[in-house]
Amino acid sequence: MTNTQITLVQIDNYGPWTVTPEPRREVDLQTLQSRLYADLSQLFGNRDGYVFFSRFDNMVAVTNGIDTDTHAMVQESVGNRYPVTVSLSVGTAPAPTEAIETASEQLQAAGSAQASDRREILRGEPIAESKRTDEDVQIAHFDVNDATGKYTDRLNEFDTFINIEQSYAELMRYLRETHDSLSFFVGGDNIIAVCPMLDGDAYHDAITHVSEAVGVELKVGVGRAGDAQSAGMAAKHALETCRYDGRDVVFGEQ
């Protein structure tokens, strides 16, 4: 059984800050968001976590193995380097959807995302080291079958983007509603999902649904491990096996 640890990252008072004392240039806001995402990706990634940009002012991290003190260090690092601060909330559950729900509720209970007096909140209890296992995290790495041949080399970039985004939106919605999973677009034609203990039939079901709903064919490599990085690497290797032998679903070794 999986036991996913999810950390919700939320920029404090970000909406009001972007227009105070007057509206800030969009190029500056986009630069801040992208740099903050890159720094958080490195801060958590150096400790075997994954960060997904979500809406940028809110980000979602898979943080199995990362304790409360390390979360506080991340907050301190951001506060020292940026004109904004971040609040963090940790949720844990067998299903990633339950974990993000807990993390969200904890942060909402601490005050509005646009409250000027809510700064650097840290809520939630990470999984104790004694309770961790080698199968706590299941990562699924999806990509589009022959995206280059079907889209990139045939269509203009915007129409290619529409096709890729349609597959992501359909997969994201279906995996969340049907299989309690959280899916994130990570660039190119790649989607990474954080899942409970799903079997091959569940992944075949999701791939079939996307193909029937939007006409985009996917394949997926799946990895299981005690942390996101290890599970993700197992998933990437499994995806390479898909590309090599033509299978739609492959489970990787830890």
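Summed over the range 165-207, residues that are within 17 Å of the chain's Cα centre (by Cα) and part of a helix (DSSP H, G or I) total 13. Checked against (1) of a type outside the set (S, T, Y); (2) open to solvent by 30 Å² or more (accessible area, probe 1.4 Å); (3) assigned to a helix (DSSP H, G or I); (4) modelled with pLDDT under 95, K236 meets all criteria but (4). On the basis of being at pLDDT 95 or above, small (G, A, S), in contact with a strand residue (DSSP E or B) (Cβ under 7 Å, 6 or more places away or on another chain) and at negative phi, does A95 make the cut? When the stated conditions are applied, A95 does not pass them.
The set of residues from the range 1-53 being assigned to a loop (DSSP other than H, G, I, E, B), among the charged types (D, E, K, R) and more than 14 Å from V84 (Cα to Cα) comprises E22, R25, R47, D48. Note on the range 1-38: residues that are touching a strand residue (DSSP E or B) at 6+ places or on another chain (Cβ under 7 Å) and hydroxyl-bearing (S, T, Y) amount to 4. Just one residue in the set S167, S211, S183 is open to solvent by 20 Å² or more (accessible area, probe 1.4 Å), in contact with a Leu (Cβ under 8 Å, 6 or more places away or on another chain) and not charged (D, E, K, R); that residue is S211. If the condition is being buried (at least 20 other Cβ atoms within 10 Å of the Cβ) and without any contact (Cβ under 8 Å) to a residue 40 or more places away in the chain, then the range 125-158 contributes only Y151.
Here T92, T102 are screened, and the one residue that is among the hydroxyl-bearing types (S, T, Y), within 26 Å of G223 (Cβ to Cβ), in a strand (DSSP E or B) and open to solvent by 30 Å² or more (accessible area, probe 1.4 Å) is T92.
Taking residues in the range 106-117 that are more than 16 Å from D57 (Cβ to Cβ) and free of Cβ contacts under 8 Å to residues at least 60 places away in the same chain, and partners anywhere that are assigned to a loop (DSSP other than H, G, I, E, B) and hydrophobic (A, V, I, L, M, F, W, C), the pairs with Cβ atoms closer than 8 Å and at least 6 places apart or on different chains are A110/I121.
The values are calculated or read from the model by the stated rules, or taken from the named source; none is laboratory data. The model shown is predicted, which means the values in this text are computed figures rather than measured ones. Note that each Cβ is placed from the backbone with ideal geometry, even for glycine, and that neighbours are counted across all protein chains shown. These area figures cover heavy atoms from the full protein model, side chains too; ligands, DNA and RNA do not enter into them. Shrake-Rupley method; radii C 1.70, N 1.55, O 1.52, S 1.80 Å.
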